[in-house]
1. If the only charges are +1 at each Lys and Arg Cβ and -1 at each Asp and Glu Cβ, what is the size of the charge dipole of the chain around the Cα centre, to the nearest 20 debye?
2. So in the chain, which Cys have no other cysteine's beta-carbon sitting under 4.7 angstrom from theirs?
3. Determine ³J(HN,Hα), in whole Hz, for all residues of region 72-79 in sequence, where each value follows from phi through the Karplus function 6.51 cos²θ - 1.76 cosθ + 1.60 and θ = phi - 60°; x replaces Gly and Pro.
4. Can you classify region 311-396 as rounded, prolate or oblate using the Cα gyration tensor, where a ≥ b ≥ c are the square roots of its eigenvalues, rounded means a/c under 1.5, and otherwise it's prolate if a/b beats b/c and oblate if not?
5. Return the long-range amide H neighbours of L136 (sequence gap of 5 or more, or a different chain), with a cut-off of under 5 Å between placed amide H atoms.
6. Could you give the size of the charge dipole of region 316-451 about its Cα centre, using +1 on the Cβ of each K and R and -1 on the Cβ of each D and E, expressed in debye and rounded to the nearest 20?
7. Nearest 5 percent is fine: what portion of the DSSP beta bridges confined to the chain is antiparallel?
8. Please list, in chain and number order, the residues 5+ apart from E439 or on another chain whose amide H is under 5 Å from its amide H, with Hs placed from the backbone.
Amino acid sequence: MTEAAISPAKRVYIKTYGCQMNVYDSARMADLLAPLGFAAAPAPQGADLVILNTCHIREKAAEKVYSELGTIRRLKAAKVCAGGDMIIAVAGCVAQAEGEEIIRRAPCVDIVVGPQSYHRLPELIARAARAVGGVLDTSFPAEPKFDTLPEPGKPNGVAAFLTVQEGCDKFCTFCVVPYTRGAEYSRPVAQVMAEARQLIDAGVRELTLLGQNVNAYHGAGTDGREWSLGALVRALAEIHGLDRIRYTTSHPSDVDDELVAAHRDVPQLMPFLHLPVQSGSDRVLQAMNRRYRADDYRRVVERLRAARPDLAVSSDFIVGFPGESEADFRATLDLVDEVGFAQAFSFKYSPRPGTPAAASAAQVPEAVKGERLAQLQRLLGEQQRAFNETCVGRVLPVLLEKPGRHPGQLVGRSPYLQSVHLAAAPERLGEIVPALIGEAGPNSLAGALAA
C-alpha cells in the first residue's frame, strides 16, 4: 500500500479497551483519520487499518492484546492473499508499556503508538506504508497533543466525554499510569470551553470531564490564573444547553474547598461522585502510597455530603494487596459499612510489571484474595441494591440516551448514573424527562413517564 493509495474507500476499525479516556481517545483518532479518507468499519474483517487502543489497568492486559493480535494477523494475511493490505496499529497504555516488545512478539504490527503521541497517526500511517518493519512512537512529545488535534466530530449521542487532564504525579505503588500516561497535564480553560461548546452545539446535553486525576486539574485560565476543577465546572455550567456535568476519576487528596462548593452551588453538577479509596487500612494505604488515611477519606465524604446531602458515592477497592492482613481487610469492610456506597468496583490485586508493589515478597495467596473479594463484593452488592431501592417511588429526571431492547422502550441515566428503562416514543431521545421509578434491580431501574 502506498501513501497515495489512501482514498475515501478506506475503512478503519478501532477496538477500545478499558477506561472512558480511551473511549475519548478512540473518537479523536477517528477525527484525525477522517480527512485521510478513513470511514469507520463495524468489524476488523476487510478493514484497511485496525487500531487496538489498549488499557494496562486490568489483569493480563498485555496478553489479551497479543491474543487479539493473533486473530487480526490472520485477517491481515487473508486480505494480502486477496490482493489488498491492512495496517495494524497498537495504541494506548499497553503500547506505551511494551513498546518494541510488541513488534518483536507480533511482527504483523505496523505501528506502536503511545497515548501521548496518537496525534501523529497520519504521519505514522504514511511511514508504515513506506517502511519495512514496525513504526514505533512512544515518546512524550514536548507539544501537547491537544494543540494539534482537529475539532471533534459529531458525537454519537447526547452524552459525551471531554478530557481535561491527563497523567498522574501520585505514583501509587500498584499503578502504571505515571509510566504510561506521563506527568500531570491540564488543558487550558479556553481550549476546554471551546470543545465543550462544539459538543453542545452538536446536541450534547451531558458532559463527563475526564482525567487520570481529574480533580488535580490546574489549567491556565482566561484571566491569567490557574483554575481548579471547581472553577472550570462553574464556567462550563454557564454554557446554555449544558444540562449535566460529571467528572471522573478523582483522588481524595485533591478534593479542595472550591470543588466542594461547586457541588453545593452548581445544579448542573450531578450528585454522584466516583472517589476511589482502594483500602480502609492505613497500613495498606501507606504501602500503596495513596497519601491519605482512612479517616481522611471519611472526612472528605462528610464534607461533600454536608454540601450536597443527596450526593451518592462510588469507589474502587483492591483486595489482597501485598502484605494485607486479615485485620487490614476488616478495616476495609468497616469503612464500607460506615461510608455506604451506591456503586463500587472491586478487584483482586494483580502485579503490574515495573511497579514497586509487583516486586514485594509479601504477595497474598490467590485463594485468600478470592475469598476476601467475594466477601467485599457481597457487602458492596447489598449496598448498591439498597441504594437502588431508595429510588423506588421517587420521580427522577432521566436523560433519555438510546433505544431499549424492547419495542417502545428507551433507556436513560438518572442523576446517580443508574440506567433507567421506560416506555417512551423514539422522538423523545435526548430529552430529560421526569420518571416515576417503579422497580429497582441490582444494576438498573425501571419506571414510567411521570405526569
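The values are calculated or read from the model by the stated rules, or taken from the named source; none is laboratory data. These numbers come from a predicted model, not from an experiment. Reconstructed Cβ throughout: ideal geometry from the backbone, glycine too, with neighbour counts over all protein chains shown. Heavy atoms of the whole protein, side chains included, go into the accessibility calculation; ligands, DNA and RNA do not. Shrake-Rupley method; radii C 1.70, N 1.55, O 1.52, S 1.80 Å.
1. Details: 49 positive and 52 negative charges, 208 e Å.
For the chain, the charge dipole is close to 1000 debye.
2. Isolated Cys, the chain: C19, C55, C81, C93, C108, C168, C391.
3. For region 72-79, the Karplus-derived couplings read 5, 4, 5, 5, 5, 4, 5, 5 Hz, x marking Gly and Pro.
4. On the way: a/c = 2.96, a/b = 2.34, b/c = 1.26.
Judged from the Cα gyration tensor, region 311-396 comes out prolate (a/c at least 1.5, a/b above b/c).
5. Answer set, sorted by chain and number: V112.
6. Details: 12 positive and 15 negative charges, 86 e Å.
Once rounded to the nearest 20, the dipole reads 420 debye.
7. Values: 23 of 66 bridges.
Percent antiparallel among DSSP bridges in the chain is about 35.
8. Residues meeting the criterion, in which the H sits 1.01 Å from N, are A446.
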